[in-house]
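Below you'll find the structure, written out as structure tokens, and then a few comments.
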Amino acid sequence: MSSNEEIFDFIIAGGGSAGCVLANRLSEDPSNRVCLLEAGGVDKSPLIRVPLGIMFLIDSKVYNWLYHTSEQGNASNRKIRIPRGKTLGGSSSINGMVYSRGHPRDYDEWVEVAGCKGWSYAEVLPYFKRSEHNETFGDDPYHGKGGPLNVSNLKKTNKLVDVLFEATDALQIPRRDDFNGAEQDGVGYRQVTIKNGKRHSAATAYLDPVKHRPNLTIMTDATVDKVVLQGKQVTGIEIIQAGERKTINANREVIISCGTIISPNILMRSGIGDPAVLKQHGIEVKHDLTGVGKNLQEHAAANVVMKSPSIMSYGISVRGFPRLTWQLLDYIINRVGFLASNVNEATVFSRSLPGLDRPDIQLGFTPALRTSTGRKVTYGHGVSMNASILRPKSRGTIGLTDADPFSPPVIDPNFFSVEEDVDTMVRAVKLARQIMSSPSFEPHRGEETKPGKNVQTDEQFAQYVRENSATVFHPVGTCSMGTNDEAVVDPELRVKGLQGLRVIDASVMPRLIGGNTNAPTMMIAEKAADMMLGKPPLPVADI
Ligand SMILES: Cc1cc2nc3c(=O)[nH]c(=O)nc-3n(C[C@H](O)[C@H](O)[C@H](O)COP(=O)(O)OP(=O)(O)OC[C@H]3O[C@@H](n4cnc5c(N)ncnc54)[C@H](O)[C@@H]3O)c2cc1C
């Protein structure tokens with residue numbers, strides 16, 4: 001071994017939602033030497049800690065990779081923004097802090113459709129519970145108490161959420177206290193990964209408490225280029241840190257946890273992937289695995305936005321300045337209010353057609369004026385609903401620009417390549433408008449800026465969707481788990497046909513779940529850690 005080579009039992013590439021969980025669980029046993037490699041820097045910033053910091057993190061050049069899709073032919077040729085976290089905690093350090101698991105049937109389908117034995121909801125629920133400390137529901141059969149990740153309800157919400165509830169009551173949309181319980185349909189408050197008014201990222205929850213373990217080495221500003229293969233055995237990883245290329249060796253396993261966008265790129269640069277794709281970039285084919293980078297799925301979403309003459313909403317304005325000042329003080333003194341909010345305070349899960357077995361759309365409610373496609377709150381007051389499709393049928397790909405690890409990936413979600421996705425989005429946007437047209441919103445009604453009064457027919461709604469949809473930042477599926485030919489990892493998350501290599505992150509989800517993806521990714525890492533350590537699975541939940 002040369003002087004710039006190091007050796008560990010487990011090497012984890014990527015210190016995001018999955019990577020932080022793995023670093024914690026794999027280093028619990030002091031005899032395991034664990035190395036966590038993160039391309040970004042440390043996560044010590046008030047923008048990350050204070051929940052309202054999401055408004056700035058979405059554009060941050062320091063904490064966000066700021067990717068874009070390729071031109072989306074079915075979305076008026078736009079390049080759509082794809083933010084991803086670039087720091088310890090990964091995307092959980094810049095995300096919207098919503099705690100949501102999707103629908104139980106989503107996991108059962110992983111088993112039924114993709115052959116992912118062991119991943120039914122009753123089998124994964126114990127891992128959701130192990131990761132969770134739910135301040136509100138910790139004692140019920142669906143929730144955990146005492147786990148590392150703090151889940152809470154916002155201590156104070158904007159009064160416009162009550163107006164939303166009046167509107168949905170009038171439409172007979174049921175109230176739902178807990179979207180992560182037995183039923184998902186309905187309207188209710190969000191659960192959030194916030195503790196005492198501060199973001200609880202994967203790094204805060206899992207890494208900070210254990211980072212001083214002598215058997216855990218955390219390297220930041222370390223860009224993983226590729227894995228090292230000897231035949232079909234993975235023996236280590238090549239990184240670039242401070243301009244220097246190093247090899248780090250693994251006695252037992254290398255784990256790729258760089259997320260849905262970059263994990264397939266690392267496999268491809270290593271010579272693992274579709275030979276046709278690798279040859280285009282002059283990469284020697286070491287292991288033929290055609291599914292790498294395919295099966296990309298993402299939630300498309302479009303906003304309905306209405307200005308308001310009242311200053312009840314969150315927002316910046318001259319009239320609202322005294323209120324904003326109070327909000328600031330309320331945060332400093334009590335850790336509640338606008339600054340402690342993820343701003344997306346309530347949501348609706350709904351079935352947009354009769355006969356569906358679970359909700360197919362989600363309408364996130366923000367008591368603030370938003371830009372048409374963006375997540376940002378703009379100057380002024382108003383309300384917004386972010387209408388999204390939960391299980392899109394369109395499938396896309398992740399590719400390489402070239403073999404340089406510092407080149408951005410080629411991201412093509414292929415939005416709306418299946419027409420049915422547009423139809424579902426149209427129904428979602430129309431329901432959001434129907435809710436916001438309710439008499440309850442009358443005192444707060446100003447101009448509808450999006451879609452706007454000129455959008456009335458289904459054709460106009462469809463055009464609005466194609467011209468304005470963005471994403472809700474939940475890409476999955478590009479190193480898909482399963483037993484079919486396109487699967488990249490088996491149900492134990494081992495890369496098919498190789499020894500000593502797993503992929504563990506959101507990329508392994510064979511199908512996008514009908515909810516947000518942070519908690520499911522952390523659940524995947526919790527379960528995978530047990531598999532790697534040879535522990536028996538937790539007892540199946542009795543639900
Ligand atoms: C803006 C935004 C808002 C979101 N809102 C929510 C929400 O409210 N609720 C929710 O549940 N989900 C939300 N999500 C999605 C959720 O956060 C992600 O699904 C989840 O964090 C994915 O975890 P991961 O481990 O797969 O990847 P990540 O957490 O993205 O981790 C990947 C890590 O790998 C690192 N990395 C990348 N390339 C390399 C390399 N070459 N070498 C070394 N390290 C590398 C990255 O810097 C990153 O730290 C949001 C995401 C974003 C971006």
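The values are calculated or read from the model by the stated rules, or taken from the named source; none is laboratory data. As the structure is a computational prediction, the values presented were derived from the model and not from experiment. Note that each Cβ is placed from the backbone with ideal geometry, even for glycine, and that neighbours are counted across all protein chains shown. The protein model used for the area step is the full one, side chains on, heavy atoms only, and it has no ligands, DNA or RNA in it. Shrake-Rupley method; radii C 1.70, N 1.55, O 1.52, S 1.80 Å.
Test Pro408 against the stated conditions and say whether it is touching a residue at least 12 places away in the same chain (Cβ under 8 Å), under 21 Å from the mean Cα position of the chain (by Cα) and open to solvent by 60 Å² or more (accessible area, probe 1.4 Å).
Yes: the conditions hold for Pro408.
So Gln362 clears everything in (1) within 20 Å of Asn516 (Cβ to Cβ); (2) buried (at least 23 other Cβ atoms within 10 Å of the Cβ); (3) away from the ligand (no atom under 16 Å from the Cβ) except one condition, right? Which one?
All conditions are met except number (3).
Of all residues in the range 475-516, how many are in a loop (DSSP other than H, G, I, E, B), open to solvent by 10 Å² or more (accessible area, probe 1.4 Å) and among the aliphatic types (A, V, I, L, M)?
Summing the residues that are in a loop (DSSP other than H, G, I, E, B), open to solvent by 10 Å² or more (accessible area, probe 1.4 Å) and among the aliphatic types (A, V, I, L, M) in the range 475-516 gives 1.
What residue, of Glu448, Glu467, is over 30 Å from Thr235 (Cα atoms), more than 27 Å from the chain's Cα centre (by Cα) and open to solvent by 10 Å² or more (accessible area, probe 1.4 Å)?
Glu448
For Met522, indicate whether it is closer than 26 Å to Ile361 by Cα, touching a strand residue (DSSP E or B) at 6+ places or on another chain (Cβ under 8 Å) and among the aliphatic types (A, V, I, L, M).
yes
Among residues belonging to the range 105-125 that are among the hydrophobic types (A, V, I, L, M, F, W, C) and over 17 Å from Ala18 (Cβ atoms), point out the one that is most open to solvent (accessible area, probe 1.4 Å). Give the derivation first.
First, the residues of the range 105-125 that are among the hydrophobic types (A, V, I, L, M, F, W, C): 110-111, 113-114, 116, 119, 122, 124-125.
Right, trim to over 17 Å from Ala18 (Cβ atoms) and you get 111, 113-114, 122, 125.
Numbers: Val111: 48, Val113: 84, Ala114: 14, Ala122: 26, Leu125: 0 Å².
For the range 105-125, the residue satisfying everything is Val113.
Hey, can you tell me all the residues within the range 90-144 that are aliphatic (A, V, I, L, M) and closer than 22 Å to Thr347 by Cα?
Taking the range 90-144 and keeping what is aliphatic (A, V, I, L, M), we get 94, 97-98, 111, 113-114, 122, 124-125.
Residues satisfying the conditions are Ile94, Met97, Val98.
Among the residues of the range 210-228, is there at least one that is away from the ligand (no atom under 16 Å from the Cβ) and assigned to a strand (DSSP E or B)?
Taking every residue of the range 210-228 in turn, at least one turns out to be away from the ligand (no atom under 16 Å from the Cβ) and assigned to a strand (DSSP E or B).
Pick out the one residue from Glu442, Glu467, Glu459, Glu526 that is acidic (Asp, Glu), within 16 Å of the ligand (Cβ to nearest atom), modelled with pLDDT of 95 or more and part of a helix (DSSP H, G or I). Don't jump to the end; show me each part of the working.
On the way: Glu442 fails: within 16 Å of the ligand (Cβ to nearest atom); Glu467 fails: within 16 Å of the ligand (Cβ to nearest atom); Glu459 fails: within 16 Å of the ligand (Cβ to nearest atom).
Selected residue: Glu526, the only one of Glu442, Glu467, Glu459, Glu526 that is acidic (Asp, Glu), within 16 Å of the ligand (Cβ to nearest atom), modelled with pLDDT of 95 or more and part of a helix (DSSP H, G or I).
Only one of these is in contact with a Gly (Cβ under 7 Å, 6 or more places away or on another chain), modelled with pLDDT of 95 or more and open to solvent by less than 60 Å² (accessible area, probe 1.4 Å): Gly102, Gly147, Gly96, Gly138. Name it.
Gly102
Residue check, Arg319 against (1) under 23 Å from the mean Cα position of the chain (by Cα); (2) away from the ligand (no atom under 16 Å from the Cβ), all met but one. Which one?
The number of the failed condition is (1).
So which residues in the range 318-364 are among the aliphatic types (A, V, I, L, M) and over 19 Å from Leu164 (Cβ atoms)?
Val318, Leu324, Leu328, Leu329, Ile332, Ile333, Val336, Leu339, Ala340, Leu353, Leu356
So Arg395 ticks every box in (1) surrounded by fewer than 19 Cβ atoms within 10 Å (Cβ to Cβ); (2) under 24 Å from Val192 (Cα atoms); (3) in contact with a Leu (Cβ under 9 Å, 6 or more places away or on another chain) but one. Which box is left unticked?
Just one mismatch for Arg395, condition (2).
Could you give me the residue pairs with C-beta distances under 6 Å whose first residue belongs to the range 115-130 and is farther than 18 Å from His143 by Cβ, whose second residue is open to solvent by less than 20 Å² (accessible area, probe 1.4 Å) wherever it lies, and which are 6+ apart or on separate chains?
Final answer for the pair search is Gly115/Gly482; Cys116/Trp110; Cys116/Met481; Cys116/Gly482; Trp119/Tyr107; Trp119/Trp110; Ser120/Tyr107.
Mind listing whichever residues of the range 1-53 are modelled with pLDDT under 95 and hydroxyl-bearing (Ser, Thr, Tyr)?
Ser2, Ser3
Among the residues of the range 261-277, is there at least one that is part of a loop (DSSP other than H, G, I, E, B) and of a type in the set (D, E, K, R)?
yes
Mind checking which pairs have a first residue in the range 140-163 that is farther than 23 Å from Val336 by Cα and a second that is small (Gly, Ala, Ser) and open to solvent by 40 Å² or more (accessible area, probe 1.4 Å), Cβ under 9 Å, 6 or more apart or different chains?
Once the first residue is farther than 23 Å from Val336 by Cα and sits in the range 140-163, its partners that are small (Gly, Ala, Ser) and open to solvent by 40 Å² or more (accessible area, probe 1.4 Å) give Pro141/Ala182; Tyr142/Ala182.
Among the residues of the range 259-274 satisfying the criterion of being open to solvent by 10 Å² or more (accessible area, probe 1.4 Å) and either among the small types (Gly, Ala, Ser) or over 20 Å from the mean Cα position of the chain (by Cα) (or both), which is farthest from Ile504 (Cα to Cα)?
The extreme case among them is Asp274.
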